[in-house]
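The values are calculated or read from the model by the stated rules, or taken from the named source; none is laboratory data. Just so we're clear, the structure is a prediction, and the values are computed from it rather than from any experiment. Note that each Cβ is placed from the backbone with ideal geometry, even for glycine, and that neighbours are counted across all protein chains shown. These area figures cover heavy atoms from the full protein model, side chains too; ligands, DNA and RNA do not enter into them. Shrake-Rupley method; radii C 1.70, N 1.55, O 1.52, S 1.80 Å.
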There are 2 protein chains.
Amino acid sequence: MSEPPRHHRLMFADLGREIEGLDEESVLHAARRAGVRIVGACGGRGTCGSCMIRVAQGKIESHAGEDLARHHRWRRACQSRIRSDCTIQIAPRSLAPVARAEVGHRQEAPLVADSAITGRDITVPPASLADHRSDWERVAEALDARVSPPDLDALSVLPGLLRANDWSVRVRQEAGHVLGFAAPGRRELGLAVDLGTTNLAAFLIRLDTGERLASLGIENPQAAWGGDVISRINHAIQAHDGAEELRAAVVRGIDAITQDLVRAVGAGIGDVVEAAVCGNTAMHHLLAGLPVTQLGRAPFVPAVSAGLTPRATALGLALAPGARVHLVPNIGGFVGGDHVAALLASEQHWRSGCCLVMDIGTNTEISLIHEGRIVSASCPSGPALEGGHVSCGMRAAIGAIERVSVEAGRLRVSTIGRKKAVGVCGSGVLDAMAALLEGGMMERSGRLRAGHPDVVEIDGLRSARLAKDIHFTQHDVRAVQLAKSAIRTGMELLLRQAGIEATQLERIVIAGAFGAYLSVDSAVDIGLLPDLPRERFLQVGNAAGLGVCRMLVNRADRARAQDIARGARYLELSSIADFQQHFLKHISLNGPWRERKIS
Amino acid sequence: MSEPPRHHRLMFADLGREIEGLDEESVLHAARRAGVRIVGACGGRGTCGSCMIRVAQGKIESHAGEDLARHHRWRRACQSRIRSDCTIQIAPRSLAPVARAEVGHRQEAPLVADSAITGRDITVPPASLADHRSDWERVAEALDARVSPPDLDALSVLPGLLRANDWSVRVRQEAGHVLGFAAPGRRELGLAVDLGTTNLAAFLIRLDTGERLASLGIENPQAAWGGDVISRINHAIQAHDGAEELRAAVVRGIDAITQDLVRAVGAGIGDVVEAAVCGNTAMHHLLAGLPVTQLGRAPFVPAVSAGLTPRATALGLALAPGARVHLVPNIGGFVGGDHVAALLASEQHWRSGCCLVMDIGTNTEISLIHEGRIVSASCPSGPALEGGHVSCGMRAAIGAIERVSVEAGRLRVSTIGRKKAVGVCGSGVLDAMAALLEGGMMERSGRLRAGHPDVVEIDGLRSARLAKDIHFTQHDVRAVQLAKSAIRTGMELLLRQAGIEATQLERIVIAGAFGAYLSVDSAVDIGLLPDLPRERFLQVGNAAGLGVCRMLVNRADRARAQDIARGARYLELSSIADFQQHFLKHISLNGPWRERKIS
């Protein structure tokens, strides 16, 4: 006979949260279940070290059964099994913050509203024994007798609304077609969602004016199944009902954030009549319930690239009855709708001339625009440049080292909020690399040099000491080298297929949260970006977020995004014969990129 | 502390079924739950006597706690509470038969197929690193680059189909628009459903040829909540989640019958790419998830009258991915899509001239067509004419008395299948009335006359003896009188508003299962139908079923039905000032309807 599993109480004192865990369950898993947001970039496989905890009280074992509490050391939450009631401290850098950086567009450009959706209050003659037409016919006549009825979920609220509001009702139409109904006087709001692998940012916007009413960011709830796209795809393919688990998780996340947003502005779910969602192709497919098997193996083909506009109900999202969701089109398996949205939002910067648009992240999407043509590629750069999979890496939050420089031969750091350093975020990682080179603490090959007071051995691993307890290890250097090489190779191969040189680039648009804060000088120093006049670089912040907001409120922008996606050509880098040679060549840090000709 | 409810075993020996019942539960309720189909026309309120059972063994109590088993008498199943394991016999007339009569059209007219849906096998170039377009784009190019993607549920099966069939796939299109996909070589089938209050008949049809492949009828599973429309509406309004219970029940019923149909012809659910459903307005609203509150009280207004074509998924029906369902438009709160379908199917009989089309049932719909205009009314005739709410009433099944005549002054009956009489069905009820008049056993007022050998007292109630244990009581006579008067009044008021006389009617089309078998002579004898030359009457059988089949396979018929529904005017009889006077006048059986002028 199997006994029921034993339960233990886990106290997170710093958060004031007490949760329940099962005996032998990992701390990370228990925390995820209860919504305590510990970063776990590798999805709990024990490979990244982003989920660090310390046991203040109670019994925690390793998988091998070793009692960990005795050491009072930082341990991976995913490798720590609960064996009694515990009090646990989460490392500051492992606390998943609400990602405000993802929400704000660098330039809060006003949105130009031209929504196809309008709302209008009408009053119809009451039903009587002498006038027993249906409710819908009554409304249709007040509008235009030839209009078709809306979807059933929208129609089903009409009888109640008419009778509760003295035969008045608000009719929402889109280009003549009736979408749904509401109580008289309600507004028409839209929801724009930037659905990243890591974060989910949402914006509530008035469709008539384009006014942004509120915005909010949360961690993508799918993070519980792994920090990167490949982990999620694997879960969807291998686990029973895995795809449905992931779909339901992100739907719950969007529903929750929508609830918070409408509450914040005194509106209701029934006011959200339209949504637009951009995300990479995997996020798109998982939300849409499309299969990802073919996306996870060569030749990495999407089920669909065109823009889709399903009913919110078909996605399982709770919006106004009759609401539609615009899913931003993608360009290929690894260049998704988020990049299309970023291209849309930055179009004024690349419309003419020769230009690169890039969004640096775990996957770095790059588009080369040249002679009116767009060619896009995806570089598997890994999370290192965002501070992920780096031993002391963290998000851009309070206490994160965001700048590293060399002063009098020693490393100097500054942190976000000028607080005690708790980890290093993406821009700090890039600066650290440049500073190590500049200070002579690292060879061009990437090897850290012993003998410098800031280069130490930690657990037998050569590391640069950035601050007390914050080290940048030889492994971290290697991870950044791989990221740099992936991106550099992608840029070079894109340029080569177009037959142009880096110096011909008139503009390099760097989009994304990390890109907003990186030091272009550092990136040039390590050879990530070409050494061009600095005025050619433009850091535009969360262009994907801005783009999806524009697509929500403006139908011309929606059409334009469709054109951009359809017109862009996807270049699969791994299919290029000498991709591997280029990649290997660029791992070393051979100084700034000034070559005039790419071989 | 409440104890868990006790369970008892109920054995239905004649059916070879053993089910479980809860202590104190009614036999009817337990049978319904388990799918043992006992007729229960009043929905278990104890008013109709159509759910008769006898306890062979075990303990059954009345609501008052009286032990019923001792008497070994026929009892209402709805008023019998289970107190122990029991062996139970269901009265033959209370066994709900599969209603084959509903399925067959009197004339199996060939269907003229002109479906907008076509299927076509295509082969696309395989995906490769050199050709990494999305699956959809691959298909779209093979069709026409400007075609839009189908719904998500349809799109989601494409990647699997392409890879399982060596990059071939069957594409289903409707007027250029892509509906969905299937394995190469599959057929395109359609499902037509005549969703009656009592029975649900379904037809599986090839969309390309119009060939009827199979048909099947079952009792409407909503019958568990009452035999008539009003009981169902009341349940939807009053019970928590009542509307959803009713919706789910009928969806389960349609899904089950569809499964049986496709299995019978070696097809699959994925081949059923389109459906059409006709039903009265309440059945329509309950299936569509539309509210019925406003339909259940004056002025009895539908939420919508226009035809709707929701996704099968929006109704919760399991058909092919991307399938749509045509919901036949209605004319008013009590003249539904089933009548529209009957009008469509019988149009050749009424197109020119002055004509009545009627479908006699619990609710009798009548349309008067005169000078190209259609005016429709609904008469609350009750179930008596179908053998419901009649003490020994039953469906038209084996053993049902279907004909009653007078020979040598005595009543003579004949039964369906020439078997021992077990009850009386609708056509027998009408004949019985005419025979009682003819044989002088009943006064024109409807009062049964004592003294005749076939008129006896049963439990203190004067009754005509039709066969051994089968009686037609004074109450039954009254029920038929009310039904006759309701229909007669409706016809008269329709004629009066058009300013014409009954003798001017060139054609009376009688649709429906009951109408197919009624004796026009008997109906004329009791004054239900006008005494016109018999060749003017046309009994067309299940015209609604034929009509919905035609709407499924032929788009012109769909458009025509929409026109018929839109053009028809609904006359609310109860709003006519002297409706009540007419109704009271026609309760008595004042001989054939030969008046030249209706006052």
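For the reader, a short list of remarks on this structure follows.
- On the stretch given as the range A:356-390, residues that are at pLDDT below 85 and either within 15 Å of A:Ile564 (Cβ to Cβ) or in contact with a strand residue (DSSP E or B) (Cβ under 6 Å, 6 or more places away or on another chain) (or both) total 1.
- In the range B:233-251, the residues that are closer than 22 Å to B:Ala312 by Cα reach residues that are modelled with pLDDT of 95 or more and surrounded by fewer than 18 Cβ atoms within 10 Å (Cβ to Cβ) with C-beta atoms within less than 6 angstrom, at least six apart or across chains, in these pairs: B:Val251/B:Gly316.
- Check on A:Gly372, farther than 21 Å from A:Ile487 by Cα and open to solvent by 20 Å² or more (accessible area, probe 1.4 Å): yes
- Filter pass, A:Gly440 being without any contact (Cβ under 8 Å) to a residue 12 or more places away in the chain, open to solvent by 10 Å² or more (accessible area, probe 1.4 Å) and not in a helix (DSSP H, G or I): no
- Wholly enclosed helices (runs of 4 or more DSSP H) of the range A:492-599 bearing at least 3 residues more than 22 Å from the chain's Cα centre (by Cα), within 14 Å of another protein chain (Cβ to nearest Cβ) and of a type outside the set (S, T, N, Q): A:555-567
- Which numbered condition A:His132 fails, given (1) in contact with a helix residue (DSSP H, G or I) (Cβ under 6 Å, 6 or more places away or on another chain); (2) part of a loop (DSSP other than H, G, I, E, B): (1)
- Residue within the range A:156-168 that is within 14 Å of chain B (Cβ to nearest Cβ) and part of a strand (DSSP E or B) present: no
- A search for C-beta distances below 7 Å between a residue of the range B:127-150 that is at the interface with chain A (Cβ under 7 Å from one of its Cβ atoms) and any residue that is among the aromatic types (Phe, Trp, Tyr) and open to solvent by less than 30 Å² (accessible area, probe 1.4 Å), counting only pairs 6+ apart in sequence or on different chains, returns B:His132/A:Tyr570; B:Pro149/B:Trp136.
- Test: residue in the range B:506-515 that is over 16 Å from B:Glu365 (Cβ atoms) and surrounded by fewer than 22 Cβ atoms within 10 Å (Cβ to Cβ): yes
- Scanning the range A:301-321 for residues that are of a type in the set (A, V, I, L, M), within 18 Å of B:Pro310 (Cα to Cα), in contact (Cβ under 8 Å) with a residue 40 or more places away in the chain and facing another protein chain (nearest Cβ under 9 Å) gives a single hit, A:Leu315.
- For the range B:454-475, the set of residues classified as among the charged types (D, E, K, R) and surrounded by 16 or more Cβ atoms within 10 Å (Cβ to Cβ) consists of B:Asp454, B:Arg462, B:Arg465, listed by residue number.
- Exactly one residue out of B:Arg252, B:Arg263 is closer than 14 Å to B:Leu200 by Cα, at pLDDT below 95 and either open to solvent by 60 Å² or more (accessible area, probe 1.4 Å) or hydrophobic (A, V, I, L, M, F, W, C) (or both): that is B:Arg252.
- Taking the criterion of being open to solvent by less than 30 Å² (accessible area, probe 1.4 Å) and under 11 Å from B:Ser156 (Cα atoms), the residues of the range A:287-301 that qualify are A:Ala288, A:Leu290, A:Val292.
- Residues satisfying the stated conditions in the range A:135-149, i.e. in a helix (DSSP H, G or I) and more than 11 Å from B:Ala303 (Cα to Cα): A:Ala140, A:Glu141, A:Ala142, A:Leu143
- Within the range A:177-247, strands (runs of 3 or more DSSP E) holding 3 or more residues that are crowded, with 19+ Cβ neighbours inside 10 Å and at pLDDT 90 or above: A:177-182, A:189-195, A:199-206
So that you can scan it fast, the table gives a plain yes or no per residue for (1) within 13 Å of A:Ala523 (Cα to Cα); (2) in contact with an Asp or Glu (Cβ under 7 Å, 6 or more places away or on another chain); (3) in a loop (DSSP other than H, G, I, E, B):
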{"residue": "A:Ile398", "(1), (2), (3)": "no, no, yes"}
{"residue": "A:Ile401", "(1), (2), (3)": "no, no, no"}
{"residue": "A:Leu430", "(1), (2), (3)": "yes, no, no"}
{"residue": "A:Ala435", "(1), (2), (3)": "yes, no, no"}
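- Taken over the range B:463-491, the criterion of being within 16 Å of B:Leu411 (Cα to Cα) and basic (Lys, Arg) is satisfied by B:Arg465, B:Lys468.
- Selection of first residues in the range B:577-591 that are among the polar types (S, T, N, Q) and of second residues that are surrounded by 15 or more Cβ atoms within 10 Å (Cβ to Cβ), restricted to Cβ pairs under 7 Å at least 6 apart or on distinct chains, gives the following pairs, ordered by first then second residue: B:Ser588/B:Gly446; B:Asn590/B:Gly527.
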